[in-house]
Amino acid sequence: MDKFFSQKYCDRCRKDLKGGRIMSMFNEDCICMECKEKETRDKSYKKARDKEIEEVRKGNYNFKGIGK
């Protein structure tokens, strides 16, 4: 099973992932919804999101992110 679905704690804040999880737009971190909310306010978030969409449209479903 993929680590994303089995890990118990957020890669950023180490809080429990029972409330939900999502992959970061910046890298391959599995983050909680609270960290996702913080991430969306980052000044580079739109750039990261747009690059992710671009890569998926090209068929790259394993894009590593723009880094952060």
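Quick rundown of the values:
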item: TYR61 open to solvent by 40 Å² or more (accessible area, probe 1.4 Å), at pLDDT 95 or above and hydroxyl-bearing (Ser, Thr, Tyr); result: no
item: Yes/no for ARG49 being in contact with a strand residue (DSSP E or B) (Cβ under 6 Å, 6 or more places away or on another chain) and touching a residue at least 12 places away in the same chain (Cβ under 8 Å); result: no
item: Considering residues of segment 21-58 that are small (Gly, Ala, Ser) and either open to solvent by 50 Å² or more (accessible area, probe 1.4 Å) or under 27 Å from SER6 (Cβ atoms) (or both) only, the residue nearest to the chain's Cα centre (by Cα); result: SER24
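The values are calculated or read from the model by the stated rules, or taken from the named source; none is laboratory data. Computed from a predicted model, the values in this text were never measured in an experiment. Please note: Cβ atoms are built from the backbone with ideal geometry, for glycine as well, and neighbour counts cover all protein chains shown. Accessible surface areas use protein heavy atoms only, side chains included; no ligands, DNA or RNA. Shrake-Rupley method; radii C 1.70, N 1.55, O 1.52, S 1.80 Å.
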